[in-house]
Amino acid sequence: MQHSVQVEEVRRLFDLMARGTTHFAPELWHEPADVYSDPKRLVVERERLFRGHPIAVAMSADLPKPGDWMTEDLGPAPLLLVRAPDGAVKAFLNVCRHRGARVADGKGSKAKRFTCPYHAWTYDTQGNLVAVPEQNAFEGMDCATRGLTPLPVVERHGSIFVRFDPTATLAPEETFGALDEQFATYGFGDYHLYERRTVTVPINWKLVVDGFLEAYHLRALHKKTVEPIFLSRHCTGDTFGNHVRMIIPRRSFPQMKDQPEQSWDLIRHTAIVYVLFPNTVFVVQGDHLETWHCYPSGDKTDECTFHLGFYIPEPATTDSARRHWDKNMNLVVDTVLAEDIPTSRGIQEGSSSGAQTHLVFGRNEPALIGYHRALRDALAA
Ligand code: FES
Ligand SMILES: [Fe+2]
C-alpha cells in the first residue's frame with residue numbers, strides 16, 4: 001500500500017479510536033437467509049461468478065521456476081497451470097484433445113512435456129500437441145488445431161488470475177482493478193511459498209469469506225485466540241469496485257501516535273484483509289501473507305474446499321524460522337478450524353431452517369455489507 005494511503009488510513013483509525021467507534025456503513029443490510037443454502041443460487045454463482053469473473057487461482061510463488069506446474073480442480077473447469085521456458089505462466093483446460101482424459105495430475109517441476117496417461121498424446125508447455133502415437137490412424141487431423149485449450153491468464157503483482165472461459169479475454173487491469181496501485185507496492189511477486197494446505201469444510205463457500213469481513217465477532221468467538229492481538233472495536237471496511245478491504249489495528253497500533261507521519265507503518269500495526277472478488281481472501285499480516293482460495297464443492301451448497309496458502313518474504317532456512325512460521329500457521333488453522341468453521345456450520349444449518357427470512361448485517365460490518373452488495377450486483381448483472 002502506498003505510504004500516502006497508509007497515512008490516510010492511520011489517521012482514519014486514530015479518529016475512530018478517539019471517538020470510541022468503528023467505521024459504520026450508511027445503513028443496515030438485509031440478506032436473504034437462504035443465501036448459503038439455495039441450490040438455484042449456487043448454479044448461478046458458479047456460472048456468473050466463477051466462470052464470469054477473473055479468479056485468483058494461485059500465487060506466483062506456487063510456480064516459481066520455468067517447468068513448474070500445478071493442476072486445480074476446484075474451479076468450474078479442470079485447470080492446468082505451467083510456467084513456460086520464457087517465464088510466462090500458461091493456463092490450459094486439463095483436458096486431452098484426443099478423448100478428453102486429464103493430461104496432468106497434482107503438481108511438479110521441470111516439465112517439458114505433458115503426456116496423457118490414456119493413449120500418450122503429448123503436449124509441450126505451450127500446449128502444442130507434439131506427439132501422437134500411431135499417428136497414421138489420425139490421417140486428416142491437423143495437429144496444429146489439437147493443442148491444449150488455453151484459458152486467459154494474467155500474472156500480476158505476485159498473483160495468477162484465470163478466466164475459466166476459453167472464449168473470454170482477460171486484461172491486466174481487470175484483475176486488481178482499483179486495488180492495482182496498492183498491490184503493486186507489496187512485493188508479493190518476490191514472496192516464497194511456506195505452506196499450502198487444502199481443507200474441505202461442511203459450509204457454504206461464502207461463509208469462509210464472510211468470516212474475514214468483520215471484527216465484531218472477535219470479542220465473543222475469538223476471545224482467547226486472536227482477540228488479544230487486535231483492537232477489534234476500531235476497523236475500516238471499504239470497497240474498490242468488486243473488491244473489498246478491511247483494516248484491523250493490532251494492539252501495537254497506538255505506538256504510532258508519538259511517531260512522525262513519515263515513519264507510520266500501517267502494515268506492521270494492522271492486519272489488512274482483502275477479498276479479491278469473488279472467492280479469494282488475502283490477509284496481509286505485516287510480516288507474511290495468508291491466502292484463502294475458496295470454492296464450492298460442485299453442486300453442494302453446504303460444502304466447500306479452500307486452499308490456505310502461507311507466503312513469506314524470505315525462504316525459511318533455519319529451524320527457528322520454521323518454528324516461527326509453524327506457530328503462525330497453527331494459530332490460523334486452530335482459530336479458523338476450531339472456532340470459525342463450527343460456528344459457520346451452525347449458520348449453514350440455520351440458513352434453510354425457516355427461522356427467519358433475512359439475516360441482518362450491522363452498520364459496524366461495512367466490509368461484509370460491501371461484499372454481499374458486490375455479490376448481489378454481480379449475480380443480477
Ligand atoms: S485421451 Fe489423451 S491420449 Fe487418448
Ligand atoms: Fe473468525
Flag if ALA137 is of a type outside the set (Phe, Trp, Tyr), more than 21 Å from ASP62 (Cα to Cα) and without any contact (Cβ under 8 Å) to a residue 12 or more places away in the chain: yes
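A quick yes/no check of all residues on (1) in a helix (DSSP H, G or I); (2) closer than 21 Å to LEU13 by Cβ:
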{"position": "PHE161", "(1), (2)": "no, no"}
{"position": "THR167", "(1), (2)": "no, no"}
{"position": "GLU181", "(1), (2)": "yes, yes"}
{"position": "VAL208", "(1), (2)": "yes, no"}
{"position": "TYR216", "(1), (2)": "no, yes"}
{"position": "THR239", "(1), (2)": "no, yes"}
{"position": "ILE248", "(1), (2)": "no, yes"}
{"position": "PRO254", "(1), (2)": "yes, yes"}
Positions within region 270-298 being in a loop (DSSP other than H, G, I, E, B), closer than 21 Å to VAL5 by Cβ and free of Cβ contacts under 8 Å to residues at least 60 places away in the same chain, in sequence order: GLN285, GLY286, ASP287
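Among the residues of region 111-129, what is the count of those that are closer than 12 Å to ARG97 by Cα and β-branched (Val, Ile, Thr)?
First pass over region 111-129, keeping only residues closer than 12 Å to ARG97 by Cα: 115-116, 118-123, 127-129.
After this cut, where a residue has to be β-branched (Val, Ile, Thr) as well, the list is 115, 122.
Number satisfying all stated conditions: 2.
What number of residues within region 299-331 satisfy the criterion of being among the hydroxyl-bearing types (Ser, Thr, Tyr) and in contact with a Phe, Trp or Tyr (Cβ under 7 Å, 6 or more places away or on another chain)? Explain how you work it out, then say what you get.
At the first step, the residues of region 299-331 found to be among the hydroxyl-bearing types (Ser, Thr, Tyr) are 301, 305, 311, 317-318, 320.
Subsequent filtering for residues that are in contact with a Phe, Trp or Tyr (Cβ under 7 Å, 6 or more places away or on another chain) retains 301, 305, 311.
Result for region 299-331: 3.
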Region 356-381: number of residues that are at pLDDT 95 or above, exposed (fewer than 15 other Cβ atoms within 10 Å of the Cβ) and of a type in the set (A, V, I, L, M, F, W, C): 1
Criterion (modelled with pLDDT of 95 or more and open to solvent by less than 30 Å² (accessible area, probe 1.4 Å)) met by exactly one of LEU28, LEU79: LEU79
Strands (runs of 3 or more DSSP E) wholly inside region 33-124 containing at least 1 residues that are farther than 23 Å from GLY158 by Cβ and of a type in the set (D, E, K, R): 113-115, 122-124
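Among the candidates LYS90, LYS110, which residue alone is in contact with a Pro (Cβ under 9 Å, 6 or more places away or on another chain), touching a residue at least 12 places away in the same chain (Cβ under 8 Å) and surrounded by fewer than 14 Cβ atoms within 10 Å (Cβ to Cβ)? Even if it seems obvious, please write down each step before you answer.
Details: LYS90 fails: surrounded by fewer than 14 Cβ atoms within 10 Å (Cβ to Cβ).
Going through LYS90, LYS110 in turn, the sole match is LYS110.
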Residue count, region 306-337 (criterion: within 16 Å of ligand 2 (Cβ to nearest atom) and free of Cβ contacts under 8 Å to residues at least 40 places away in the same chain): 1
Any chance SER263 is of a type in the set (S, T, N, Q), open to solvent by less than 30 Å² (accessible area, probe 1.4 Å), more than 16 Å from ligand 1 (Cβ to nearest atom) and free of Cβ contacts under 8 Å to residues at least 40 places away in the same chain: no
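The values are calculated or read from the model by the stated rules, or taken from the named source; none is laboratory data. Keep in mind that this is a model prediction, so the values were computed, not measured. Every residue, glycine as well, gets a Cβ built from its backbone with ideal geometry; the counts of neighbours run over all protein chains shown. Each accessible area value is taken on the protein alone, full model and side chains, heavy atoms only, with ligands, DNA and RNA left out. Shrake-Rupley method; radii C 1.70, N 1.55, O 1.52, S 1.80 Å.
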